[in-house]
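Chemist: Structure incoming, see below.
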Amino acid sequence: MALKQISPVLLSVDAADKAIGAAIARVQEVGVPYTITVVDGAGLLVAAHRMDGAAIASIDTSLAKARTAVLFGAATADLAGAAANGAPLMTIETSASVALAFVAGGVPITNAAGVVVGAVGAAGGTPAQDHEVAVAAVAGSGG
């Protein structure tokens with residue numbers, strides 16, 4: 001996995017709104033209520049949208065997925081193995097001061113130069129569905 005330059009560059013609310021709109025369009029196909037969270041390059045909240053009927057747990061989960069994707073500069077689906085039992089990052093979830101999630105559904109947003117400027121976290125469906133929704137959101141963000 002190639003490393004990406006990570007920078008706390010701010011992500012605009014407009015880009016976050018576009019990402020959420022694209023995610024909602026994809027969620028309509030999935031048919032499950034979601035929470036979509038968008039963070040900037042520092043892992044700080046830019047926007048969040050919880051659909052009617054989305055699980056309450058999906059609020060924190062989507063934020064943790066987005067934060068993990070931006071802090072590691074990679075999709076959380078690609079990081080899951082690194083945090084598995086016996087893997088190098090096995091204890092990171094308990095040693096970090098912020099909630100992290102090493103399960104599919106977090107995808108970084110990069111600018112034209114490949115710099116990570118934010119991320120999307122999606123929670124509500126299966127890990128595979130969450131990843132698909134987050135990928136759609138990133139594609140729609142303009143990032």
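Please treat every number below as a calculation from the coordinates, not as lab data. Since this is a predicted model, take the numbers as computed values, not measurements. Using ideal geometry, Cβ is built from the backbone for each residue, glycine included, and neighbour counts are taken over all protein chains shown.
Chemist: Going by what's in this entry, would Leu100 be described as within 14 Å of Gly43 (Cβ to Cβ), crowded, with 20+ Cβ neighbours inside 10 Å and out of contact with any strand residue (DSSP E or B) (no Cβ under 8 Å at 6 or more places or on another chain)?
Modeler: Criteria met by Leu100.
Chemist: For the range 21-31, enumerate the residues that are β-branched (Val, Ile, Thr) and surrounded by fewer than 22 Cβ atoms within 10 Å (Cβ to Cβ).
Modeler: Ile24, Val30
Chemist: Give me the residue from the range 104-115 that is surrounded by fewer than 24 Cβ atoms within 10 Å (Cβ to Cβ) and in contact with a strand residue (DSSP E or B) (Cβ under 7 Å, 6 or more places away or on another chain) and, out of that set, nearest to Gly31 (Cα to Cα).
Modeler: In this case the residue turns out to be Thr110.
Chemist: Testing Leu11 on (1) farther than 24 Å from Gly114 by Cα; (2) part of a loop (DSSP other than H, G, I, E, B), one condition comes back false. Which one is that?
Modeler: Here Leu11 meets the rest and fails (1).
Chemist: Same structure, new question: Taking Pro33 and the conditions (1) part of a loop (DSSP other than H, G, I, E, B); (2) more than 12 Å from the chain's Cα centre (by Cα); (3) within 18 Å of Ser141 (Cβ to Cβ), which numbered condition does it fall short on, given that it satisfies the others?
Modeler: Going through (1) part of a loop (DSSP other than H, G, I, E, B); (2) more than 12 Å from the chain's Cα centre (by Cα); (3) within 18 Å of Ser141 (Cβ to Cβ) one by one, Pro33 breaks only (3).
Chemist: Let me ask something else. Residues in the range 64-85: is at least one among the polar types (S, T, N, Q) and surrounded by fewer than 21 Cβ atoms within 10 Å (Cβ to Cβ)?
Modeler: Residues of the range 64-85 that are among the polar types (S, T, N, Q), as a first pass: 68, 76, 85.
Now restrict to residues that are surrounded by fewer than 21 Cβ atoms within 10 Å (Cβ to Cβ): 85.
Yes, some residue in the range 64-85 is among the polar types (S, T, N, Q) and surrounded by fewer than 21 Cβ atoms within 10 Å (Cβ to Cβ).
Chemist: Every residue in the range 38-79 that is touching a residue at least 60 places away in the same chain (Cβ under 8 Å), farther than 14 Å from Val117 by Cα and not hydrophobic (A, V, I, L, M, F, W, C), please.
Modeler: Ser58, Thr61, Ser62, Lys65, Asp78
Chemist: Now a separate question. Could you check how many residues of the range 85-109 are among the small types (Gly, Ala, Ser), free of Cβ contacts under 8 Å to residues at least 40 places away in the same chain and touching an Asp or Glu at 6+ places or on another chain (Cβ under 7 Å)?
Modeler: 2
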